[in-house]
1. Every residue in the stretch 134-174 that is assigned to a loop (DSSP other than H, G, I, E, B), in contact (Cβ under 8 Å) with a residue 40 or more places away in the chain and of a type outside the set (S, T, N, Q), please.
2. Run down 53, 25 and say which single residue is more than 16 Å from ligand 3 (Cβ to nearest atom) and either of a type outside the set (Gly, Ala, Ser) or more than 17 Å from residue 78 (Cα to Cα) (or both).
3. Do we have residue 276 as more than 19 Å from the chain's Cα centre (by Cα), more than 16 Å from ligand 1 (Cβ to nearest atom) and over 23 Å from residue 372 (Cα atoms) here?
4. Looking at (1) in contact with a strand residue (DSSP E or B) (Cβ under 7 Å, 6 or more places away or on another chain); (2) within 22 Å of residue 333 (Cα to Cα); (3) among the small types (Gly, Ala, Ser), can you tell me which one residue 199 breaks?
5. Of the conditions (1) closer than 23 Å to residue 371 by Cβ; (2) under 23 Å from the mean Cα position of the chain (by Cα); (3) more than 16 Å from ligand 3 (Cβ to nearest atom), residue 174 satisfies every one except a single condition; which number is it?
6. Can you say whether residue 36 is of a type in the set (Lys, Arg) and either closer than 24 Å to residue 367 by Cβ or crowded, with 24+ Cβ neighbours inside 10 Å (or both), as far as the supplied structure shows?
7. So in the stretch 283-311, with the set limited to residues that are within 16 Å of ligand 3 (Cβ to nearest atom) and of a type outside the set (A, V, I, L, M), which one is surrounded by the fewest Cβ atoms within 10 Å (Cβ to Cβ)?
8. Need pairs with beta-carbon distance below 6 Å; first residue within 13 Å of residue 222 (Cα to Cα) and within the stretch 236-256, second charged (D, E, K, R) and within 16 Å of ligand 2 (Cβ to nearest atom); sequence gap 6+ or separate chains.
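The values are calculated or read from the model by the stated rules, or taken from the named source; none is laboratory data. Given the structure is predicted, the values throughout are model-derived calculations rather than measurements. We place every Cβ from the backbone using ideal geometry, glycine too, and count neighbours over all the protein chains shown.
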Amino acid sequence: MKILIKNGTIVTSGKIFKADILISGGKISEISDSLKDKDAELIDADGKYIFPGGIDPHVHMHLPTFAGYSSDDFYTGSRAALFGGTTTLIDFVTPRKSQSLPDALIERKREAENCLSDYSFHVSPISWHKNLKEEIQECIRQGITSFKVYMAYKNSIGLEDNDLLKVMQIIANEGVQLTVHAELGDDIENLRNQYFEEGKTSPEYHALSRPDYTEANAVKKVINFADQTGCKVYIVHVSSQKSLKYISEAQKKGLSVYAETCPQYLLLDDEKLKGSFEETAKFVFSPPLRKKEDNNKLWKALSDNLLLTIGTDHCPFLYEQKLLGKDDFRKIPNGAGGVEHRLSLLYTYGVLQNKISLNEFVKISSTNASKIFGLYPKKGEIAVGSDADLIIWQETDEFISSKTHHQNCDLNIYENIKIKGKPLYVIKNGKIINSEGKFEKNIEKGKFLKRK
Ligand code: URP
Ligand code: ZN
Ligand code: ZN
């Protein structure tokens, strides 16, 4: 199948220019003026931007928790992602205790078989053990180039500091990428229990038990470990301005420290946690929402290249799952959805409010993640030879709602927030899958991406 996109304005991480794009065999085969091909399906993109398909480097589909699985599986979550223009997802492999990383990877690949977007995983060492190095090497042979560690959640998947240091040494020796959830688990656990014992049980105490210094001090600590080991570190879901100081110092020192934030930390603040359980439970995720001032500093850090990517940390739960913590905020499953809205929110509140340029929009929603996680130039680029994952963008004027979204969830943390841009067409691997809001019925399954 061939597609010819005529007259669009192509936006890449570095350029904006008018040209036609010819797609054949799932790839971009030509970019030039006045292209013709009588066999190709024609799309007129006059007056429209064309962006590379989005890459969300941080999603949790079908995540097992004490409250059951997160409510989007790979099928429903990737479908929602595609609606919003995200054509590649990076999810996680979290082994069960005593399960090896390669075994967990095989199991997770099976769970992801119905994913509609292309996908990969960050694989999580949840303990240090004597075969860990060989397990990591096997995952690398299987096409995994990033490994995720948790400094929080110490009673399940989090690592103690001495184990973290040993894991980082292995990752550094293998020359691959560490990604890290940076929050000081022990301090948080103490505060959680203290609040609960004082009878402070509402969702607001989820946020109060995870103050910004518990993130910033974890960031500082992992950066010190990176300095000692030479490990490349990517800090996920940075939420507080305090953390930015340490990231900036590390980058100035020449350390390979990259960082991500999420739309929720740019657009929402801790006022959302004031109110009834019904109103606030959906805002329970980790790290928690911060102050307005943090939102502003994070936007600035994006335009200063201090933060390089936007992930969503997509991990929705139904209200009935959140209800498990009605009388104890510690029992509310942590997480919220957003994979579908990432590009629209970033465009509306970033580009249209002059906080980021169009090129920065492309960088932080697609190209940078592709480069950091070994997918470039296959993904995240509009160039001859790259995968034909493209979005043709349209202006819109609508409100986000759980009634109309495609995520499998009865809650939406962006309820009633206005968006002013969304995909008109989404093309994945050279096939039109969303055209003017109409979704193809038989979308080809996504592929597992072996990364370099
Ligand atoms: O609250 C969150 N973010 N849940 C998903 C797991 C994680 O910590 O990223
Ligand atoms: Zn996390
Ligand atoms: Zn996460």
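1. 143, 144, 151, 152, 157
2. 25
3. Judged against the criteria, residue 276 is a match.
4. (1)
5. Going through (1) closer than 23 Å to residue 371 by Cβ; (2) under 23 Å from the mean Cα position of the chain (by Cα); (3) more than 16 Å from ligand 3 (Cβ to nearest atom) one by one, residue 174 breaks only (2).
6. No.
7. The selected residue is 286.
8. From the stretch 236-256, the pairs are 236/260; 243/215.
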